[in-house]
Amino acid sequence: MFKKIISAVVAITMVMGMCSCSEQSSGEPGSLPTASQYEPSQPQEPIADTGRGTVELTANYSFSQADSTQKNDADFIKGLNSFSVELFKNAVRTDLAQDGKNTLVSPESVAFAMGMTMNGANGNTLSQIQQVMCGGVDTDKFNRNMNLLISNAHSNNTEDSKLNIANSIWVKDNDNLVLTEQFALNCKQMYNAELFRTPFDKSTLEKLNGWVNDKTDKMIPKLIDRFEGNEIMCLVNAVAFDSKWENQYEDDDVRENCEFTNAKGDKVDCTMLCSTEKQYIQNGRATGFVKNYKGGKYAFMAVLPNENTSVSNYVSSMTGSEIADLYAGRTTEYDVYTRLPKFKFDYGAELGNTLRSMGITDAFADNADFSKMFENTDCAINRVIHKTHIELDANGTKAAAATAITMRENAAMVTEEPKTVILDRPFVFAIMDTQTGLPVFLGTVCDPSVQ
């Protein structure tokens, strides 16, 4: 029965929202927010009627809220920390080569999207994802820890400080696409993913972007600009962060027309936020400070490389443990006089090549093994799309991230049939050395009647 329901659905997974768990799973048991909730504000063409409405593939399942007293496993934290820094280093390496472009990635958003994808992987494809994402942590442990991240984030949200996380899966409306029960179950219970069936046309694109816009508090209005025609699934994560400073800047702390020397060495004007902080960080390569947001669950950490050390050189040798150690080693022994520039920017990148360079290669190839995702369809990752937004000012910080992983169907296996070769048109020929496999002669026959 489940497979019959599943076969009628198209899913896309997004993990990036800022809505509470209760908001994501609201309604009567078995109900699902329909894709029509996320209508774009602009008029759109009528949607073709496929004879099927949006179906919740996991109507009999619900999100498993983690016990708030649990702690994340140490090996999970260490592994995800390493992944976060490696992802960041790859982004900075690319962007600083492009005239010092600002960079902002959300490793957590990528981890949620890849975590859902991991649940459909098998064999060497799975091993590569596990190794890169979290140092080899198995899927069950990864799921439990990601589930704890969602649960804790939402249970600690307040009016002044919140982090909302949302996930969704959109599957192409095709009877041949049958999600495995275990994949759907894991994505719903562990990631609270909404699952939609959709035609993957222009209307789907608009609804998907509408979902992202809604879950990121309108900070990322458009995640995907196009479908390439071969997508059968999209897994999406959305994250939205909005927190006020624990100690806000007063009007006298805001100074206009200050100078900032950019990556090219040019001086530019900026607005500086001035304060005395109580948390100082340093190692042999950098100094900085930590400034808390209200509630104390989140904090801003600024790391300034030593003079004569460029940001690119500093980042290139960063490690996950260095970032962890900097924060853990903060001291309150000193007053820290600080100036922090006010800033706001958007960032976007396709992360396929980055993830390949980090070691996830099979997932993108024709030999990808996602046999735990669909009952009867071979597929591979097509694109990994990542966008972020940040606003930092005297009141606090707003930030959002969204990650979409699109899946394509691999070429179907060709059934072996008898072969026929009739040389009745121009052809190429070779005389081969059977010992070496090299051609001794190569030629063409264009007209056998010519002497």
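The values are calculated or read from the model by the stated rules, or taken from the named source; none is laboratory data. Bear in mind that the values here come from a model prediction, so they are computed numbers and not experimental data. Glycine also receives a Cβ, built like all others from the backbone with ideal geometry; neighbour counts cover every protein chain displayed. Accessible surface is based on the protein model in full, side chains and every heavy atom, while ligands, DNA and RNA are left aside. Shrake-Rupley method; radii C 1.70, N 1.55, O 1.52, S 1.80 Å.
Descriptive notes on the structure:
- When restricted to residues that are closer than 18 Å to residue 167 by Cβ and modelled with pLDDT under 95, segment 134-144 contains 1.
For every residue, the table says whether it meets (1) part of a helix (DSSP H, G or I); (2) closer than 27 Å to residue 292 by Cβ; (3) more than 25 Å from the chain's Cα centre (by Cα); (4) aromatic (Phe, Trp, Tyr).
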{"position": "314", "(1), (2), (3), (4)": "yes, yes, no, yes"}
{"position": "355", "(1), (2), (3), (4)": "yes, no, no, no"}
{"position": "377", "(1), (2), (3), (4)": "no, no, no, no"}
{"position": "385", "(1), (2), (3), (4)": "no, no, no, no"}
{"position": "391", "(1), (2), (3), (4)": "no, yes, no, no"}
{"position": "400", "(1), (2), (3), (4)": "no, yes, no, no"}
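- Complete set of residues in segment 288-303 that are touching a helix residue (DSSP H, G or I) at 6+ places or on another chain (Cβ under 9 Å) and either exposed (fewer than 14 other Cβ atoms within 10 Å of the Cβ) or assigned to a strand (DSSP E or B) (or both): 288, 290, 299, 301, 303
- The C-beta contact set for segment 343-354 (first residue open to solvent by less than 30 Å² (accessible area, probe 1.4 Å), second residue among the basic types (Lys, Arg) and at pLDDT below 90, distance under 9 angstrom, 6+ apart or interchain) comprises 347/101.
- Residue match in segment 199-214 (condition: open to solvent by 40 Å² or more (accessible area, probe 1.4 Å) and free of Cβ contacts under 8 Å to residues at least 60 places away in the same chain): no
- Residues located in segment 173-228, provided they are hydrophobic (A, V, I, L, M, F, W, C), within 21 Å of the chain's Cα centre (by Cα) and part of a loop (DSSP other than H, G, I, E, B): 200, 219, 220, 223, 224, 227
- From 278, 294, 264, residue being basic (Lys, Arg) and modelled with pLDDT under 90: 264
- Where residue 246 falls short, out of the listed (1) buried (at least 16 other Cβ atoms within 10 Å of the Cβ); (2) farther than 26 Å from residue 91 by Cα; (3) touching a helix residue (DSSP H, G or I) at 6+ places or on another chain (Cβ under 8 Å): (3)
- Condition met for residue 372 (part of a loop (DSSP other than H, G, I, E, B), closer than 30 Å to residue 253 by Cα and in contact (Cβ under 8 Å) with a residue 60 or more places away in the chain): no
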